[in-house]
Amino acid sequence: MKHMFENTSNTKKVELLLPAGNIEKLDYAINYGADAVYLGMVDFSLRSMRKGEIITQENLKKAVELAHSYKKKVYLTLNIYAFNDDIKNLYNNLNIIADALPDAIIVSDFGIMNVIRRELPEIDIHVSTQTNTLNYEAVKYWRDYGAKRVILGREVSISQLHEIRQTVPDIELEVFVHGSQCVSFSGRCLLSDFMTNGERKANHGGCAQPCRWSYKLLEETRPGQYYEIEQNEKGTHILSPKDLALIDYIPQLIEAGADSLKIEGRTKSLYYVSAVAKAYRRAIDAYYNNQHVEGLFDELLKIGNRGYTTGFYLDKPDSDGYSYDISKGLAGADFLFEVWNRSEDLLKVKIKNKIVKNDRIEIITPDELFESEILSIYNDDKEEISVGNTNDEVWVKLSNLPENYKYAIGRTIGIKNKR
């Protein structure tokens, strides 16, 4: 593929930045290839977590120390838009943040920025994409303010990124390369607030995602008579963009001057985080090793998606950039199990989707990808059973075993729901 930019001032190897919705996902993201992770603390993040060991005031330091034990970086998101009570709450948590000492704090609210800059000057500031930073003069402002990095809005094209880098070479630039997109401008949306009467505020971590709902047209003088906007019995998802996927454009992004390539998805599954990290890690390494790797886009089709688009990065998106038929991402491969332990030739697994004896499956690890067959399934008493159901913890015997079971994941073979 022809590169867009032959010269760049960016000589440092680009960072792969993955979401860490909980501590387990943090661990998997790093082992599957992340150079850094970003995580949110309860009350201050734009994502509300519900599963796993979520990041709280009590375990923030544990999460940071785990990443640092791998010599990887951690960025803490304090990117809500704050009211007075939020600022008071922030002051109550400053000692906890200072003790955990993340590598940077991602902020969008000017009040929170002032508090962090004044009270925690030893921690770098990363300016959130929610500040809508789209031009080099805005980047200069944040540089002069003292920010270490600016996370550019998704509306910035690759060529505009290059111009910003050439104009402002002395600040880090981060761009999104994969994941869900909001219909709003750089994620600043009030739909959820309005549709839930203020109970689920998008910019306080509670977005109900009304952009993914199905809508029909109601004519004002004919109450009760609904009209299809699209001729589809399911209505139409006129506000729901497809997911972003720039894995085929890693060289252009690097040469345009990106310092960090960011994956969206703190609420996504463990499988999503692992598979996406592995694919983009291979793409980045292939660039620096002057290699070409086939099949990486197909790997992304095996995870949940609403169809893929390049967003604004190549050209302004048209109607093809929206998912009109579905709101929920459909996975091309089912996440079957995560491996917890090994005893001789048996693996202890946590079932995510039903497995059956004699199933052909695919095993993915940080270093391997291969097909295998489920030869036997056993319960904890080592009694053979024919089916492992969702949420069961069972032992399985496979025809091929991973060299290292830790972080191994089982999934179905092939790509279904290819969109």
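The values are calculated or read from the model by the stated rules, or taken from the named source; none is laboratory data. Just so you know, these numbers come straight off a predicted model, no measurement behind them. Here Cβ is always computed from backbone atoms with ideal geometry, including for glycine, and neighbour counts include all displayed protein chains. Each accessible area value is taken on the protein alone, full model and side chains, heavy atoms only, with ligands, DNA and RNA left out. Shrake-Rupley method; radii C 1.70, N 1.55, O 1.52, S 1.80 Å.
Calculate, for segment 353-403, the solvent-accessible area per residue in square angstrom, rolling a 1.4 angstrom probe over the heavy atoms of the protein chains. Please report the intermediate quantities before stating the final value.
On the way: 2760 Å² over 51 residues.
Using a 1.4 Å probe on heavy atoms only, each residue of segment 353-403 averages 54 Å².
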Length gain on complete extension for the stretch Arg117 to Tyr70, per 0.36 nm per residue less the alpha carbon to alpha carbon distance? 14.2 nm
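Over the residues of segment 72-147, compute the C-alpha Rg and express it relative to 2.2 N^0.38 Å.
Numbers: Rg = 12.3 Å, N = 76, 2.2 N^0.38 = 11.4 Å.
Its radius of gyration relative to the 2.2 N^0.38 Å reference: 1.08.
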Let a ≥ b ≥ c be the square roots of the eigenvalues of the Cα gyration tensor of segment 247-303; is it rounded (a/c under 1.5), or, if not, prolate (a/b larger than b/c) or oblate? oblate
Estimated inter-spin distance, Glu220 and Val293, nm [label 7 Å along Cα→Cβ]: 5.5 nm
With every protein chain present, what accessible area does Tyr308 have (1.4 Å probe, heavy atoms only), rounded to the nearest 10 Å²? 40 Å²
Give the accessible surface of segment 51-148 per residue, rounded to a whole number of Å², with probe radius 1.4 Å and ligands, DNA and RNA excluded. 48 Å²
Filter on Lys278/Lys348; Lys12/Lys278; Lys13/Lys140; Lys262/Lys357; Lys73/Lys416 - keep pairs with C-alpha separation over 32 Å: Lys262/Lys357; Lys73/Lys416
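Determine the dipole magnitude for segment 119-180: charges of +1 sit on the beta-carbon of Lys and Arg, -1 on that of Asp and Glu, nothing else is charged, the reference point is the Cα centre, and the result goes in debye to the nearest 20.
For segment 119-180, the charge dipole is close to 180 debye.
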Those GluC sites (Glu not before Pro) from segment 337-404 that are DSSP loop and have at most 10 other Cβ neighbours within 10 Å turn out to be Glu344, Glu383, Glu403
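Share of segment 353-419's accessible area from carbon and sulfur, percent, 1.4 Å? Write out the running numbers ahead of the final one.
Details: 1410 of 3630 Å².
Here it works out to 39 percent.
Within segment 33-156, what whole-number % of the accessible surface is contributed by carbon and sulfur, with the 1.4 Å probe and all protein chains included in the calculation? Display every interim value, and only then the final one.
Details: 2610 of 5450 Å².
For segment 33-156, the apolar C and S fraction of the accessible surface comes to 48 percent.
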